[in-house]
Amino acid sequence: MLKKVKNITSFTLLELMIVVIVLTILGTISIPLYRYAVRNSLIREAHSIMSLIIQAEKIYRLEEGSYITCSSTSDCNNKLHLEISSNNWDFRVLSSPSWQVRAIYIGAGSDVPNQTRNF
C-alpha cells in the first residue's frame, strides 16, 4: 500500500518579495515621520518649561526687585523654587545682551536645536 503524500502549500518567492518591498516602503515613509514627531515634542517640552521659568522669574522680580541668573537646571530649581526635571534639556537664565532663558539639548541625538526665549 502506498502512503498518501500531503499537499503542502507555501508562499511563493514572488509573494515574499512583494511583502518585503511593501515593508521597506512603509519603513522608508514612517521612520522620518516618527523622528520629526519626536523632535517637535522635545521642542514643545523645552518651550513649556521655558515659559514656567519666565513666570517664576517675573514672580521673583516682583518679590525681590530684580531678575536672577541661573547657570543650570538645578541652579534654577534652587533659586526660583521650582521642581524642573528634564532628562533632555539643561536650562539657563542669562542676563546679556538681554534677559533670556536658554534651553540646551543634552538628550540622545543631535538634530534638536537649542532653544532661546527673551523676556
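Observations
One line per residue, one yes/no per condition, for (1) under 19 Å from Asn118 (Cβ atoms); (2) part of a strand (DSSP E or B); (3) touching a helix residue (DSSP H, G or I) at 6+ places or on another chain (Cβ under 6 Å):
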| position | (1), (2), (3) |
| --- | --- |
| Lys58 | yes, no, no |
| Glu63 | no, no, no |
| Ser66 | yes, no, no |
| Ser74 | no, no, no |
| Leu82 | no, no, yes |
| Ser85 | no, no, no |
| Val93 | yes, yes, no |
| Pro97 | yes, no, no |
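- Residue match in the range 50-61 (condition: under 22 Å from Ser110 (Cβ atoms) and out of contact with any Asp or Glu (no Cβ under 7 Å at 6 or more places or on another chain)): yes
- Qualifying residue in the range 100-112 (condition: part of a loop (DSSP other than H, G, I, E, B), among the charged types (D, E, K, R) and modelled with pLDDT under 95): yes
- Pairs linking a residue in the range 29-40 that is loosely packed, with under 10 Cβ neighbours inside 10 Å to a residue that is of a type in the set (Gly, Ala, Ser), with Cβ atoms under 7 Å and 6 or more positions apart or on different chains, do not occur.
- Just one of the listed residues (Thr9, Thr116) is in a strand (DSSP E or B) and either in contact with a helix residue (DSSP H, G or I) (Cβ under 6 Å, 6 or more places away or on another chain) or modelled with pLDDT under 95 (or both), and it is Thr116.
- From the options Ile18, Ile49, Ile54, Ile43, residue that is more than 26 Å from the chain's Cα centre (by Cα), of a type in the set (A, V, I, L, M, F, W, C), surrounded by 10 or more Cβ atoms within 10 Å (Cβ to Cβ) and in a helix (DSSP H, G or I): Ile18
The values are calculated or read from the model by the stated rules, or taken from the named source; none is laboratory data. These figures come from a predicted structure and were not determined experimentally. Because the Cβ atoms are built from the backbone with ideal geometry, glycine has one as well, and the counts that use them run over all protein chains shown.
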